[in-house]
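Notes follow once the structure below has been shown.
The values are calculated or read from the model by the stated rules, or taken from the named source; none is laboratory data. Nothing here was measured: the structure is a model prediction, and the numbers come from that model. Ideal geometry is used to build each Cβ from the backbone, glycine not excepted, and the neighbour counts take in all protein chains shown.
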Amino acid sequence: MGLPVIISYYLRCGWELIKLILRAIKSVFFLTLPLTILTIILSIIQGLVLGAWYHGKSANHPDLFMNNMMTVKTYEWFKEPGGQNPLRIPRAPYHIQQLHNPLEWTKELDLVRPRDWNTDNVGVLASFGNLRRRRRRSERYLNWHHWIYLSANEQPLNETWNADPWDKAFLDLLEHRDRHEHWGRSNFHYITCPGSFLCDIWSVSAPALIHFTNEPIQRNATQRRSMKPILDPVSVRVFELPLKDPVIPGIFPSQFEQMRSITASNSTYWETRDKYSNFDQVRGQALKVLKKMEIKYPSTYGRLVWLEDKWVNLWGSEDVTLVVMSRHSSFIAAASSTYFGGRAWKHVQNWWKSRERSQKKEDSSTLQLATDKAADDPVARQLQKVLDSLSEEDKEKFGKTRRGGILLDRIQNGLEKDDWNSREDLILDIEDALKVKGNGKVGRG
């Protein structure tokens with residue numbers, strides 16, 4: 001008996017075994033279908049919804065990143081000679097720095113990455129992984145704490161008559177710290193989450209407080225004599241507001257008291273929260289999506305959730321392996337189909353748009369006016385909008401001031417350039433950021 005015959009025999013046996021297993025699974029499936037049918041239907045619906053939601057969330061990241069970076073680059077045109085970008089200047093209402101630049105947020109917090117750390121992904125560059133704080137040898141206090149407040153509003157406290165209570169509480173917190181805390185408001189930054197790449201990539205729902213603290217490394221005698229920089233690991237914790245549990249047992253405090261209790265220099269409440277997990281944050285947001293859907297469609301989806309819960313509890317099968325497997329397999333199959341289907345459709349759309357742009361370029365003249373180039377550049381378009389919003393009288397008044405005259409001349413002369421290419425400049429910025437070494441210096445290859 002030759003080798004091919006033996007192989008053929010075992011292949012047939014293997015196939016028969018597979019068919020036997022599949023028939024057994026099929027039999028079990030139909031026998032238990034009355035018990036799991038509602039769970040399967042509900043899980044498929046949830047998978048379809050969350051798969052589409054997560055794809056939309058992921059697909060939105062490039063646009064958010066581009067918009068944030070183009071805003072930063074636009075404001076570069078409004079800085080005074082030798083000055084800094086106006087977006088980096090603390091302003092009302094909080095008079096602390098607002099974080100705008102997704103490529104430099106770690107620099108603003110005085111954080112670095114390990115020397116051997118690298119990535120080719122902007123999303124990873126914005127992540128909380130592998131953060132380090134350079135500790136000075138002369139520092140009196142080993143422990144370091146920093147906070148970022150995430151506002152749910154694009155312009156916090158812009159309308160004082162309709163102020164968000166959390167935005168108002170944060171302002172009260174900063175004023176309280178100026179009066180009663182050694183560091184005052186110096187260890188705080190804030191972000192306005194609508195349109196923010198950082199809020200979206202972190203999967204944190206505003207309002208929230210994000211806490212950063214170092215974990216001082218223990219050094220032996222040799223290391224203490226070394227002149228190498230001391231890089232303490234940094235851990236991150238998220239406090240989405242309002243808190244689900246009272247800070248003080250039996251008492252649920254106001255918005256201000258919640259913030260004060262969390263951030264007080266003598267508070268250890270932050271230790272009760274687990275370290276940041278992107279999976280947990282995404283899962284939390286997904287559960288909120290399903291909860292909103294349950295409220296929005298109470299007579300359909302909401303009723304199905306209620307029926308499934310009652311049916312499973314009636315049989316006491318919520319932890320039965322078969323029900324759990326049915327729930328997970330149905331959810332994964334539905335979520336994967338919508339997520340990867342959405343990605344495939346997005347690729348088709350991008351290909352079609354690219355094809356249309358190529359055809360337009362071929363049909364248009366190779367000679368292009370400088371104004372056309374400026375019109376096609378996102379930063380130039382923003383600057384042109386600023387000029388268009390000013391009347392001739394406004395321009396005349398603004399131009400009579402020293403600062404106004406410099407800015408108007410710079411913008412008007414800039415719009416006459418024929419070498420606008422902000423997208424290419426952004427690519428160079430990204431390449432530089434991705435080459436940042438653990439010591440904070442930019443590598444050039």
Selected residue (criterion: surrounded by the most Cβ atoms within 10 Å (Cβ to Cβ)) from residues of the range 80-139 that are closer than 18 Å to His211 by Cα and of a type in the set (Gly, Ala, Ser): Ala126
Across the range 245-260, what is the number of residues that are at pLDDT 90 or above and either outside the structural domain of Asn214 (by TED's automatic domain parsing) or hydroxyl-bearing (Ser, Thr, Tyr) (or both)? 0
Out of curiosity, is Ser261 free of Cβ contacts under 8 Å to residues at least 24 places away in the same chain, among the small types (Gly, Ala, Ser) and at negative phi? yes
Looking at this structure, is Ser43 part of a helix (DSSP H, G or I), free of Cβ contacts under 8 Å to residues at least 24 places away in the same chain and either buried (at least 16 other Cβ atoms within 10 Å of the Cβ) or within 27 Å of the chain's Cα centre (by Cα) (or both)? no
Which members of the range 276-291 meet the condition of being free of Cβ contacts under 8 Å to residues at least 12 places away in the same chain and either among the charged types (D, E, K, R) or in a helix (DSSP H, G or I) (or both)? Phe279, Asp280, Arg283, Leu287, Lys291
Report every pair of residues separated by at least 6 positions or lying on different chains whose Cβ atoms are under 8 Å apart, first residue within the range 180-196 and basic (Lys, Arg), second assigned to a helix (DSSP H, G or I). Arg185/Leu174; Arg185/Arg177; Arg185/Asp178
Tally, over the range 194-210, of residues that are surrounded by fewer than 20 Cβ atoms within 10 Å (Cβ to Cβ) and in contact with a strand residue (DSSP E or B) (Cβ under 6 Å, 6 or more places away or on another chain): 1
Cβ contacts < 9 Å: first residue in contact (Cβ under 8 Å) with a residue 40 or more places away in the chain and farther than 15 Å from Trp77 by Cβ, restricted to the range 375-394; second residue assigned to a helix (DSSP H, G or I) and of a type in the set (Gly, Ala, Ser), any location; separation 6+ or different chain. Result? none
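Pull up the range 61-75, narrow it to residues that are in contact with a helix residue (DSSP H, G or I) (Cβ under 7 Å, 6 or more places away or on another chain) and of a type outside the set (Val, Ile, Thr), then point me to the one that is surrounded by the most Cβ atoms within 10 Å (Cβ to Cβ).
My answer is Met69.
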Looking only at the range 343-379, count every residue that is β-branched (Val, Ile, Thr), surrounded by 10 or more Cβ atoms within 10 Å (Cβ to Cβ) and modelled with pLDDT under 65 and tell me the total. 1
Considering only residues of the range 137-151 that are part of a loop (DSSP other than H, G, I, E, B) and at pLDDT 75 or above, which is nearest to Phe188 (Cα to Cα)? Trp144
Restricting to the range 292-342, and then to whatever is among the hydroxyl-bearing types (Ser, Thr, Tyr) and outside any helix (DSSP H, G or I), can you tell me which residue is surrounded by the fewest Cβ atoms within 10 Å (Cβ to Cβ)? Ser299
Scan the range 217-244 for residues that are part of a loop (DSSP other than H, G, I, E, B) and modelled with pLDDT under 65 and jot them down. Arg219, Asn220, Ser226, Met227
Mind listing whichever residues of the range 86-131 are of a type in the set (A, V, I, L, M, F, W, C) and closer than 25 Å to Thr160 by Cβ? Leu87, Ile89, Ala92, Ile96, Leu99
